[in-house]
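Take a look at the structure below.
The values are calculated or read from the model by the stated rules, or taken from the named source; none is laboratory data. Bear in mind that the values here come from a model prediction, so they are computed numbers and not experimental data. Cβ atoms come from the backbone with ideal geometry, glycine included; neighbour counts cover every protein chain shown. Areas reflect the complete protein model, heavy atoms only, side chains present, ligands, DNA and RNA absent. Shrake-Rupley method; radii C 1.70, N 1.55, O 1.52, S 1.80 Å.
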Amino acid sequence: MDVQATVCLPTYNERENLERMVRALVERGVHVLVIDDNSPDGTGELADALAAEHPQVDVLHRERKEGLGPAYLAGFRRALADGAELVLEMDCDFSHDPDDVPRLIAAAEQGADLAIGSRYVPGGKIPNWGLVRRFISRGGCIYAQLWLQTRVRDLTGGFKCYRRAVLETIDLDAIESKGYAFQIETTYRTLRKGFRVHEIPITFVDREEGGSKMSKAIVLEAVWKVPELRVAALAGRF
Ligand SMILES: Nc1nc2c(ncn2[C@@H]2O[C@H](COP(=O)(O)OP(=O)(O)OP(=O)(O)O)[C@@H](O)[C@H]2O)c(=O)[nH]1
Ligand SMILES: [Mg+2]
């Protein structure tokens, strides 16, 4: 890897996963930016200890939990200010495999402006999910794909690698989405600016440690946000 790549790692109560994840990422030669929303379980303090141990690790402490979107936006801005050429995002719960990070980086180095770790292209897998969860997730992606008229299949996943030019071009200040809608919106804005988006097949596994922060509100936000995005785009707002 010739360029600086920074992985933005948002955390809320990920004490059981953080250390193993940070070590796995450091071993793969990337910078790590932990974005912790004042987790009550002490994840922030653990992150500080890891940052003291590894020069490639930084921590962004935020006062309170505001959802993934605002946490990522703060992380993206910090990574850009620190000079990252590639800015990645991934979950800290091992649903995203650290071994796939070099694959996403390679895709960006081979010409993708945004490389997405995708469950829904040939080769992508979700081995642990039952039929209902598959149906909801795939249905949500198809819903967004139809409204937004895009060929990108995994619009809700959070495993991505952006070239810095993408984050400098799309209007980060205009993004208010917090949950799945945040992933949909960032990819859609990237496509609207004419950037190349490539999907790289990944295997997505369920978390083994810690608890999920997914909520009904996050799903509902995406349901209304998707048509709103289409209308805004057609009105020429981005
Ligand atoms: N900083 C920050 N991180 C968050 C917040 N919500 C979730 N996270 C982190 O974002 C990542 C994804 O959250 P998960 O709880 O796994 O949510 P999910 O992957 O959508 O849902 P599951 O499939 O149930 O795991 C994890 O690393 C969380 O710790 C938040 O409000 N702030
Ligand atoms: Mg998860």
Original post:
Over all pairs of distinct alpha carbons, what does the Kirkwood formula give as the hydrodynamic radius of the range 1-147, in Å?
Top reply: 16.4
Original post:
Using r as the Cβ-Cβ distance of Glu16 and Ala217, and R0 as 25 Å, what FRET efficiency do you calculate, to the nearest 0.05?
Top reply: 0.50
Original post:
What list of ³J(HN,Hα) values in whole Hz, one per residue of the range 177-183 in order, does the Karplus curve 6.51 cos²θ - 1.76 cosθ + 1.60 (θ = phi - 60°) give from phi, with Gly and Pro shown as x?
Top reply: 5, 10, x, 4, 4, 4, 5
**OP:** Provide the solvent-accessible area of Thr11, counting protein heavy atoms only and rolling a 1.4 Å probe, rounded to the nearest 10 Å².
**Re:** 10
**OP:** Collect residues whose amide H, placed 1.01 Å from N in the peptide plane, falls under 5 Å from the amide H of Val7; neighbours closer than 5 in sequence don't count.
**Re:** His31, Val32, Leu33, Leu88
Original post:
Long-range amide H contacts for Asn128: which residues qualify at under 5 Å (H placed 1.01 Å from N, peptide plane, sequence gap of 5 or more or a different chain)?
Top reply: Asp206
**OP:** In whole Hz, with x marking every Gly and Pro, tabulate ³J(HN,Hα) for the range 119-125 from phi via Karplus 6.51 cos²θ - 1.76 cosθ + 1.60, θ = phi - 60°.
**Re:** 8, 10, 10, x, x, x, 9
Subject >> Rounded accessible area of Ser215 (nearest 10 Å², 1.4 Å probe) >> reply: 50
Original post:
Leaving out ligands, DNA and RNA but keeping every protein chain, what accessible area does Lys65 have, in Å² rounded to the nearest 10, with a 1.4 Å probe?
Top reply: 100
**OP:** Leaving out ligands and nucleic acids, note down the accessible area per residue over the chain with a 1.4 angstrom probe, in whole Å².
**Re:** 46
Subject >> Fraction of antiparallel bridges per DSSP, the chain only, in percent to nearest 5 >> reply: 25
Original post:
Convex hull over the alpha-carbon atoms of the range 51-96: what's its volume per residue in Å³?
Top reply: 111
